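Chemist: Supplied in structure tokens, the structure appears directly below.
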Amino acid sequence: MRNGNILNQIELAFEELPKSEQKIAKYILDYSKDVLYMNIKELAEKSKSSSAAVVRFCKSIGVESFGNLKVRISAESSQGITVGNLDIEDREAVSSIVEKTLSNTIQVFEDTAHQIETVAVENVVEMLQKADMVYVYGVGASFLIAEDIAQKWRRLGKKVYAISDYHLLLSTMATQNENAVFWGISYSGQTKEVLLLIEKAKSFGMSTIGLSRIGQHKLAGSVDVLLTTARAPEARLRSAATSSRFAQLFVIDIVFLAYAAAQYEFTIEQLEKSRHAVIDLKDEW
């Protein structure tokens, strides 16, 4: 697997980091090659921070340890990886826009693939297998992800509700009597409606899943299992909505395929049933 761009992730996370961790981030961005030859104590001294702050910084950007961080930086240096954060310009040619969109998309896929936690995926698969009912919710672009989840698992016979109306979904959840899971989607990890529904779901006795970007946010501490994407590049014309959507769909595809692999024969049988039902409908036309 190719490494994602860790320096890109540090740059995108910079403004949300605590001051002590921002000092570390700035030093690494300015002197990334020098950092390869330092230990935690030396980096803390050079960045005028502390060893504990270096450990916290690694967790904030989704890296297990300082040693792993140095491995990522070294791999990027040797491969000549460049940051895929490219915004469009006034009256830019379509061919150039195609190249920039491709670059941003590939970058966010690679970053997400590198940091996704396989244990989290396995836990979500197990939760979905046990659930009789799944409720999915997101606001704005995140609701598109909710609809994708619903249509995927419905084809396998799972009862899934993706309802955009917050109050209607809440009233539906309140009256269910089955073993249910709530799946909240928020790229920022701070969407008020999603956080409130998670709180309500727990009060109803439901297990909870979250899908968000890597980092420190309220959603991370609210759910039983958290799936994360890499941070998508922020841009003036909302390319972040595009990149984050691709990253979220990528994670959903991974979870769905892992779910399918865990019950392969049943999945094939269900998909064949749904495919033939559509074919039969077309024949009737």
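Chemist: Checking Thr118 against (1) surrounded by fewer than 12 Cβ atoms within 10 Å (Cβ to Cβ); (2) among the polar types (S, T, N, Q); (3) closer than 24 Å to Leu195 by Cβ, only one condition comes out false. Which one?
Modeler: (3)
Chemist: Mind listing whichever residues of region 173-209 are free of Cβ contacts under 8 Å to residues at least 60 places away in the same chain, of a type in the set (S, T, N, Q) and surrounded by 15 or more Cβ atoms within 10 Å (Cβ to Cβ)?
Modeler: Gln176, Ser186, Ser188, Thr191, Thr208
Chemist: Report the residue count in region 236-259 for those that are modelled with pLDDT of 90 or more and more than 13 Å from the chain's Cα centre (by Cα).
Modeler: 4
Chemist: Just to confirm my filter: which strands (runs of 3 or more DSSP E) fall fully inside region 97-188 and include at least 1 residues that are among the basic types (Lys, Arg)? Steps first, answer last, please.
Modeler: Numbers: elements: 133-138, 159-162, 180-185.
Those strands (runs of 3 or more DSSP E) span 159-162.
Chemist: Next question, about the same structure. Exactly one condition in (1) at pLDDT 90 or above; (2) surrounded by fewer than 14 Cβ atoms within 10 Å (Cβ to Cβ) is false for Met127; which is it?
Modeler: Unmet for Met127, out of (1) at pLDDT 90 or above; (2) surrounded by fewer than 14 Cβ atoms within 10 Å (Cβ to Cβ): (2).
Chemist: Any idea which of (1) under 15 Å from His114 (Cβ atoms); (2) modelled with pLDDT of 85 or more is the one Glu11 doesn't satisfy?
Modeler: Going through (1) under 15 Å from His114 (Cβ atoms); (2) modelled with pLDDT of 85 or more one by one, Glu11 breaks only (1).
Chemist: Those residues that are in a helix (DSSP H, G or I) and over 15 Å from the mean Cα position of the chain (by Cα), I need them from region 195-220; list them, please.
Modeler: Scanning region 195-220 gives Leu195, Leu196, Leu197, Ile198, Glu199, Lys200, Ala201, Lys202, Ser203.
Chemist: Taking Glu76, is it of a type in the set (Asp, Glu), assigned to a helix (DSSP H, G or I) and either at pLDDT below 90 or surrounded by fewer than 17 Cβ atoms within 10 Å (Cβ to Cβ) (or both)?
Modeler: So Glu76 fits the description; yes.
Chemist: If you scan region 105-117, which residues turn out to be within 17 Å of Lys59 (Cα to Cα) and of a type outside the set (A, V, I, L, M, F, W, C)?
Modeler: Result: Asp111, Thr112, His114, Gln115, Glu117.
Chemist: Give just the number: which of (1) at pLDDT 85 or above; (2) not in a helix (DSSP H, G or I) does Phe57 not satisfy?
Modeler: (2)
Chemist: May I pose another question? For the list (1) touching a helix residue (DSSP H, G or I) at 6+ places or on another chain (Cβ under 8 Å); (2) in the same structural domain as Leu219 (by TED's automatic domain parsing); (3) closer than 26 Å to Lys192 by Cα; (4) in contact (Cβ under 8 Å) with a residue 60 or more places away in the chain, I need the number of the one condition that Val139 fails.
Modeler: Checking Val139 against (1) touching a helix residue (DSSP H, G or I) at 6+ places or on another chain (Cβ under 8 Å); (2) in the same structural domain as Leu219 (by TED's automatic domain parsing); (3) closer than 26 Å to Lys192 by Cα; (4) in contact (Cβ under 8 Å) with a residue 60 or more places away in the chain, the one that fails is (4).
Chemist: Also, I was wondering about something else. In region 154-172, what residues are buried (at least 17 other Cβ atoms within 10 Å of the Cβ) and within 18 Å of Met206 (Cα to Cα)?
Modeler: Of everything in region 154-172, those that are buried (at least 17 other Cβ atoms within 10 Å of the Cβ) and within 18 Å of Met206 (Cα to Cα) turn out to be Lys158, Val160, Tyr161, Ala162, Ile163, Leu169, Leu170.
The values are calculated or read from the model by the stated rules, or taken from the named source; none is laboratory data. Here the structure is a predicted model, which means the values were calculated and not measured. Because the Cβ atoms are built from the backbone with ideal geometry, glycine has one as well, and the counts that use them run over all protein chains shown.
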